[in-house]
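Structure record follows, encoded as structure tokens.
The values are calculated or read from the model by the stated rules, or taken from the named source; none is laboratory data. Worth saying up front: this structure is predicted, and the values here are computed from it rather than measured. Cβ: placed from backbone, ideal geometry, glycine included. Neighbour counts: every protein chain shown. These area figures cover heavy atoms from the full protein model, side chains too; ligands, DNA and RNA do not enter into them. Shrake-Rupley method; radii C 1.70, N 1.55, O 1.52, S 1.80 Å.
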Amino acid sequence: MAQAKAPVYRSPWRQQEHDDLADLARTFFVKEVLPEADRFTAQGHPDHEMYQRAGKHGLLGLSVPAEYGGGGGTFAHEAVVFEEQVRAGDASLGLGVHSGIIMGYLVAYGTQEQKQRWLPGLCSGELVGAIGMTEPAGGSDLQAITTRAVRDGDDYLVSGSKTFITNGFLADLLILAVKTDPTQKAAGMSLLVCELGDDVPGFSRGRVLHKIGLQANDTAELFFDQMRVPAANLLGPGEGQGFIQMMQQLPQERLVISVSAVAAMERALELTIAYTKERTAFGKPVFDQQNTRFVLAECAAHTRAARTFVDDCIARHLAGELDVATAAMAKFWLTDRQCEVVDKCLQLFGGYGYTTEYPIARLYADARVQKIYAGTNEIMKELVARSL
Ligand SMILES: Cc1cc2nc3c(=O)[nH]c(=O)nc-3n(C[C@H](O)[C@H](O)[C@H](O)COP(=O)(O)OP(=O)(O)OC[C@H]3O[C@@H](n4cnc5c(N)ncnc54)[C@H](O)[C@@H]3O)c2cc1C
């Protein structure tokens, strides 16, 4: 049988400028972030200053218009950076939230004044962004949140708490989901942009949560007790827009996760092919065992299917046509495949796969949460089913 190599697949949206950006991003993650990875893991968060370094390399806010300090590009540029971060093996900087989510809300709903005030700092990395939706009593039922914002003159007084907030320990800027009218469900929700700091009266950070994966990125609890937020920091034309805004932005958030899921599958496959070709058992490379070959062939097929699916979603999103159901489908299907493929790959490493010196172990531990955050995969299936 002829031993032809599988042709290299290239994402249809990818152009030379994306390849150049990928080189730049890879160099940054490998040379500047990874050498600090153990320290970041031990302290439970990256250094704040690392966001500024990413900003200096032009890796933050690539889809934000240049007039606000961004790269003036598209979601495709952001996707390249998210992919390279996974490929390099860094999971400390919360870039998916910082660039992929926070800036999207500000670009879409911010007033000119709000954009000028916050976007340049987010793009340079002076400010770290976070989003607070989930509360201790529940995350899936978003309309049931109880964090309250009560109008008091030119301010809101905010009371309540949020948990599992990515970048929560470092965040300077938080997009906070609140109830401005507790008698209403969705129609009572609003988004407030909160400028955080350890000297802000009524604001405190709780624990940095210990997790089974993503240990170098901070996930934290946040508490608000009559914290004053200027009414001018409301996002959108008036109160009651928060739920609609989140529903409009969540497809991009789910696409960010889908992009990283596929990059993780590709990396796991690459690492495992290399390892099984080197490792021998019973006098021949593990790769030459029929089981290994079949497992890797299956993983390669799933990974290719995943890549073409996510590329289709990226193309739809670039055209402004990524709908809620397709994004939900991608999020649950791709993260389920990610967990399966990474698990199968880890098995082919044998005992070494279970040790943290091997990147496959990190990929395994980091994969699990993908089925949980940004809406659990069960909620994603509900969203898809509603569209059928
Ligand atoms: C590492 C990490 C980072 C995160 N980052 C952020 C962040 O930056 N900002 C933020 O706001 N949140 C964040 N989250 C929170 C995350 O989005 C929530 O954990 C998630 O939405 C689920 O909410 P919950 O944990 O309260 O689970 P629950 O809502 O209590 O759900 C528990 C279980 O019940 C199932 N379930 C609930 N309702 C239904 C239903 N109707 N049908 C079927 N099954 C159902 C769920 O699928 C789940 O399996 C993060 C979480 C983690 C772990």
Name the residues in the range 329-388 that are open to solvent by 20 Å² or more (accessible area, probe 1.4 Å), within 11 Å of the ligand (Cβ to nearest atom) and within 19 Å of the chain's Cα centre (by Cα), would you? Phe332, Asp366, Arg368, Val369, Lys371, Ile372, Tyr373, Gly375, Thr376, Glu378, Ile379
Across the range 135-184, the tally of residues that are near the ligand (Cβ under 10 Å from one of its atoms), surrounded by fewer than 21 Cβ atoms within 10 Å (Cβ to Cβ), within 19 Å of Met247 (Cα to Cα) and of a type outside the set (D, E, K, R) stands at 4
Take Ala88 and tell me if it is at pLDDT 95 or above and among the hydrophobic types (A, V, I, L, M, F, W, C). yes
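Say whether the condition of being polar (S, T, N, Q) and farther than 17 Å from Gly44 by Cβ is met by at least one residue in the range 186-201. Before the answer, list the steps.
Let us first name the residues in the range 186-201 that are polar (S, T, N, Q), namely 190.
Narrowing the set further to residues that are farther than 17 Å from Gly44 by Cβ leaves 190.
Checked against the condition, which is being polar (S, T, N, Q) and farther than 17 Å from Gly44 by Cβ, the range 186-201 yields at least one hit.
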Would you mind finding the one in Glu221, Glu253 that is part of a helix (DSSP H, G or I) and charged (D, E, K, R)? Glu253
Among the residues in the range 156-166, are any assigned to a strand (DSSP E or B), at pLDDT 95 or above and of a type in the set (Phe, Trp, Tyr)? yes
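Here is a list: Gln289, Gln249. Which entry is under 28 Å from Asp141 (Cβ atoms) and either touching a Leu at 6+ places or on another chain (Cβ under 7 Å) or at pLDDT 95 or above (or both)? Outline the logic, then answer.
Values: Gln289 fails: under 28 Å from Asp141 (Cβ atoms).
Going through Gln289, Gln249 in turn, just one is under 28 Å from Asp141 (Cβ atoms) and either touching a Leu at 6+ places or on another chain (Cβ under 7 Å) or at pLDDT 95 or above (or both): Gln249.
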Just to check your reading of the model, which residue among Arg316, Arg279 is more than 21 Å from the chain's Cα centre (by Cα) and open to solvent by 40 Å² or more (accessible area, probe 1.4 Å)? Arg279
Test: residue in the range 123-133 that is surrounded by fewer than 24 Cβ atoms within 10 Å (Cβ to Cβ), within 14 Å of the ligand (Cβ to nearest atom) and not in a strand (DSSP E or B): yes
Answer yes if at least one residue in the range 104-121 is within 16 Å of the ligand (Cβ to nearest atom), touching a residue at least 60 places away in the same chain (Cβ under 8 Å) and open to solvent by 10 Å² or more (accessible area, probe 1.4 Å), and no otherwise. yes
Index of the failed condition, Thr326 passing every other in (1) away from the ligand (no atom under 16 Å from the Cβ); (2) part of a helix (DSSP H, G or I); (3) open to solvent by 80 Å² or more (accessible area, probe 1.4 Å): (3)
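Considering only the range 191-249, state which residues are of a type in the set (Ser, Thr, Tyr) and open to solvent by 40 Å² or more (accessible area, probe 1.4 Å).
First, pick out the residues of the range 191-249 that are of a type in the set (Ser, Thr, Tyr): 204, 219.
Hit for the range 191-249 is Ser204, nothing else.
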Considering only residues that are within 10 Å of the ligand (Cβ to nearest atom) and either out of contact with any Ser or Thr (no Cβ under 8 Å at 6 or more places or on another chain) or not in a loop (DSSP other than H, G, I, E, B) (or both), look in the range 192-218 and name the one that is nearest to Thr180 (Cα to Cα). Leu214
